[in-house]
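Just passing along the structure, written as C-alpha cells.
Just so it is clear, none of the values below were taken in a lab; they were calculated from the coordinates. Please read all numbers here as calculations on a predicted model, not as lab measurements. A quick note on method: Cβ atoms are made from the backbone with ideal geometry, for glycine too, and the neighbour counts reach across all protein chains shown.
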Amino acid sequence: MQLADLSPRRIAQRLAVGIDGPLLTLSLALAAIGLATLFSASYENPARVTAQVGNLAVALAAMWLMAQVPPQTLMRFAVPVYLIGLVLLVAVALAGEVVNGARRWLHVGVTRFQPSEMMKLALPMMLAWYFHKYEATLRLRTFALAALLLALPVLLIAREPDLGTAVLVAAAGFYVIFFAGIGWKVLAGLGALGAASLFPLWGMLHDYQRKRILTLLDPSQDPLGAGYHTIQSTIAVGSGGITGKGWLHGTQAHLEFIPERHTDFIFAVYSEEFGLVGNAILLALYTLLVARGLMIAANAATFYARLLAASVTLMFFTYAFVNMGMVSGVLPVVGVPLPFISYGGTALLTLFLGIGILMSVHRHRRLVQT
C-alpha cells in the first residue's frame with residue numbers, strides 16, 4: 001500500500017462511501033439538538049451528556065457499517081435475526097431483569113440491553129423478506145401469516161409490559177404489510193375487528209395502563225398520580241410561548257416538575273426553552289428526514305428494499321408523532337422516546353441502524369435510464 005493511500009483526504013473519501021449526505025446532515029442536526037436539550041434537562045448530572053456522546057459515537061459507527069451492507073445481504077439474515085429476536089424476548093419473559101415493575105432487560109456480560117428494541121428492525125426485515133419471497137403469489141392467506149409473524153413479538157413485548165415499544169414494533173410491521181399491497185377491504189375488516197377487540201383488550205391491560213388512558217380525557221382526576229405526567233408536560237409546552245424561555249432557562253425542568261425529563265418527556269423541556277419557533281424547526285427536520293427516506297424507498301432496486309426502507313422511514317415518523325402527542329396531552333403516556341433527542345443508547349443505536357439501512361438502499365438503488 002502506498003503512503004498516499006493513507007492521506008487524510010483518501011481516508012475521508014473511503015469513509016464517505018455509501019454515506020448519504022442529506023440523511024447524515026438531518027440526523028446529526030437532530031442529535032445536536034438532543035445533546036443541547038439533554039444538557040439543560042440533566043443540569044444536575046452532566047455525566048449523562050458525556051454518556052450520550054459516547055452512545056452517539058457508537059451509533060454512528062454502527063450506521064456506517066450498516067450502510068456498507070447491501071440490501072441483498074440483509075435479506076439473507078432477515079429470518080435468523082427475527083428468530084434470535086423471538087428467542088431473546090422469550091428469555092426476557094423467563095429470566096429478564098425487572099426495572100420499575102417491568103421485565104424488559106437482559107444482562108449480557110457487563111452490560112444489559114433491551115431485546116424489544118431489536119425487533120423494531122428485525123420484524124420489518126422479516127416481513128419484507130417474506131413478501132419479497134411471495135411477491136408473485138400474494139393472497140389473503142399470505143397477509144394472514146404475515147399478521148401472525150407480527151403478532152408474536154408484539155404480544156411478547158406487550159407482556160413485559162412495554163406498551164410503547166409494542167406500539168412501535170406493531171406499526172413497523174404494519175407499514176410493511178400496507179406497502180406490500182393489502183387491499184382496502186381487508187384493512188376495513190381488520191379495523192372493524194380491532195374495534196370489536198377493544199373491550200377484551202381493555203381487560204388485559206395493567207391497572208397503570210388503564211389509568212393512563214382514562215386520565216388522558218381528564219388528567220385532573222388524578223393530578224398527583226396517573227395525570228401528573230400529562231399535566232406537567234402540557235404546562236411546560238404551553239409556557240414556552242412563541243420563542244421560548246431560552247436555553248437553560250426552563251423553570252418546569254429545572255425545578256424538577258417534569259418527570260423523566262431526559263428520556264420520554266424531553267420534548268417538554270425543549271418546548272419550554274425554544275417555544276413554537278423551536279418546535280417548527282424540529283418538525284421541519286423530521287419532515288425532511290421522512291421525505292428523504294420515502295424518496296429512497298421509491299427508488300429502491302428490489303421489492304424487499306422498497307418495503308424495508310418505507311417501514312424504517314415511517315418508524316421515525318411514528319416515534320416522533322407518538323412522543324409529541326403523548327407530551328402534548330393528545331395521546332396516552334406510553335413511554336416512547338423522541339427520536340435522536342431522548343437519552344438512551346439502545347434506542348439511539350436502533351435509530352442510526354435504520355439510517356444506515358436507508359443509506360444502503362440508496363447506495364444500491366437501481367440506475368435510472370436517461
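I want the local charge near Lys245. Using Cβ-Cβ distances under 10 Å, sum +1 for each Lys or Arg and -1 for each Asp or Glu among the other residues.
Taking every Cβ under 10 Å from that of Lys245, the sum is -2.
Nearest 0.05, what FRET efficiency do Tyr228 and Met295 give at R0 = 41 Å with Cβ-Cβ as r?
After rounding to 0.05, the efficiency reads 0.50.
Then there is this: Arrange Lys120, Lys133 by Cβ neighbour counts within 10 Å, fewest through most, would you?
Lowest count first: Lys133, Lys120.
Moving on. For Glu117, Glu256, Glu135, which order do you get if you count the other beta carbons within 10 Å of each Cβ and list the fewest first?
Arranged by neighbour count, lowest to highest, Glu117, Glu256, Glu135 become Glu256, Glu135, Glu117.
Hey, another quick one. Write down the radius of gyration of the range 1-106 and its Dmax, each obtained from C-alpha positions, in Å.
When restricted to the Cα atoms of the range 1-106, Rg and Dmax are 19.4, 59 Å.
Find, to one decimal place in angstroms, the Kirkwood hydrodynamic radius of the range 61-134, where the mean of 1/r is taken over every pair of different Cα atoms and then inverted.
13.7
Does the chain come out rounded, prolate or oblate by the C-alpha gyration tensor, with a ≥ b ≥ c the root eigenvalues, rounded set by a/c under 1.5 and, if not, prolate when a/b is larger than b/c and oblate if not?
Note, shape of the chain comes out oblate.
Another question, if that's okay. Taking the Cα centre of the range 33-363 as the origin and placing charges on Cβ (Lys, Arg +1; Asp, Glu -1), which of Leu106, Gln52, Leu89 is farthest toward the positive end of the dipole?
Checking the options against the dipole of the range 33-363, the answer is Leu89.
Most exposed first by the Cβ proxy, i.e. fewest other Cβ within 10 Å, how do Ser233, Ser42 rank?
If I rank by nearby Cβ atoms, fewest first, I get Ser42, Ser233.
Roughly how big is the chain's charge dipole about its Cα centre, with Cβ charges of +1 (Lys, Arg) and -1 (Asp, Glu), in debye to the nearest 20?
Working: 24 positive and 16 negative charges, 264 e Å.
Here the size comes out at about 1280 debye.
Next up: Given that compact globular proteins tend to follow 2.2 N^0.38 Å, what is the ratio of the alpha-carbon Rg of the range 38-80 to that value?
Numbers: Rg = 16.3 Å, N = 43, 2.2 N^0.38 = 9.2 Å.
It is 1.78.
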